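Below is one structure, written out as structure tokens; the observations come after it.
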Amino acid sequence: MLRHIVLVSFKSEASEPQLAAWRNAVTQMCETSDDVVSFSLGTNVGSGPNHHDAALVADFEGMEAFRRYVSSDAHKAYVEDHARHVTAKLAAIQHEI
């Protein structure tokens, strides 16, 4: 199993409708992907200088499934239509579980 963790900091000018569309797009992409085994998306409830605004944790059967997900048309459309408009900073890792 492979776990993909993404931390996102939003642009200060991102509007609430853009952020809602982003959340919906992430959720739809993960729910409809045959490669995502499970996922969790949440908004930061803490505060601190090194905190991000949101996190996605998604599990895959392995690296091959993860690569299919990232290279899929759905993921490419998500990046183009949503992520690039609201994301100021992103951190991501993949690790085996």
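The values are calculated or read from the model by the stated rules, or taken from the named source; none is laboratory data. Since this is a predicted model, take the numbers as computed values, not measurements. No Cβ is skipped: glycine too gets one built from the backbone with ideal geometry, and neighbour counts run over all protein chains shown. The area values use the complete protein model at the heavy-atom level, side chains included, leaving out ligands, DNA and RNA. Shrake-Rupley method; radii C 1.70, N 1.55, O 1.52, S 1.80 Å.
With bins 10 Å wide beginning at 0, the percent of Cα pairs of the chain falling in each bin runs 16, 50, 30, 5.
For R3, the shell of other residues with beta-carbons less than 11 Å away shows a net charge of -2, using +1 for Lys and Arg and -1 for Asp and Glu. Taking amide H as placed 1.01 Å from N in the peptide plane, K11 has its amide H under 5 Å from the amide H of T87, A88, each at least 5 places away in sequence or on another chain. Rolling a 1.4 Å probe over the protein heavy atoms of segment 11-78, with every protein chain left in place, gives an accessible area that is 50 percent carbon and sulfur. With K and R counted +1 and D and E -1, the other residues having a Cβ less than 13 Å from that of A25 yield a net charge of 0. Over the chain, DSSP H runs of length four or greater, each weighted -39,500 (n - 2.57), average out per residue to a 222 nm ellipticity of -10000 deg cm²/dmol.
Figure legend: label point modelled 7 angstrom from the Cα of K89 along Cα→Cβ; residues of segment 35-49 with amide N under 13 Å from it are 48-49. Taking 7 Å steps out from each Cα toward its Cβ at S71 and V45 produces label points 3.9 nm apart. Rolling a 1.4 angstrom probe over the protein heavy atoms with all chains in place gives segment 12-97 an accessible area of 65 Å² per residue.
For segment 57-71, the Karplus equation 6.51 cos²θ - 1.76 cosθ + 1.60, evaluated at θ = phi - 60°, returns couplings of 10, 10, 10, 10, 4, x, 4, 4, 5, 4, 5, 4, 4, 5, 8 Hz by residue, with Gly and Pro reported as x.
Among A20, A58, A83, the largest mean-square fluctuation in a Gaussian network model of the chain (Cα springs under 10 Å) belongs to A20.
Normalised by the number of residues in the chain, the average gap of Cα pairs under 8 Å and 6 or more apart makes the relative contact order 52 percent.
Each Lys or Arg adds one and each Asp or Glu subtracts one; over the other residues with Cβ under 13 Å from the Cβ of S71, this totals 0.
In this simple spin-label model, placing a label point 7 Å from the Cα along the Cα-to-Cβ direction at both I97 and M63 gives a separation of 1.9 nm. For N44, nonlocal amide neighbours, meaning residues 5 or more places apart or on other chains whose placed amide H falls under 5 Å from its own, are A54, A55.
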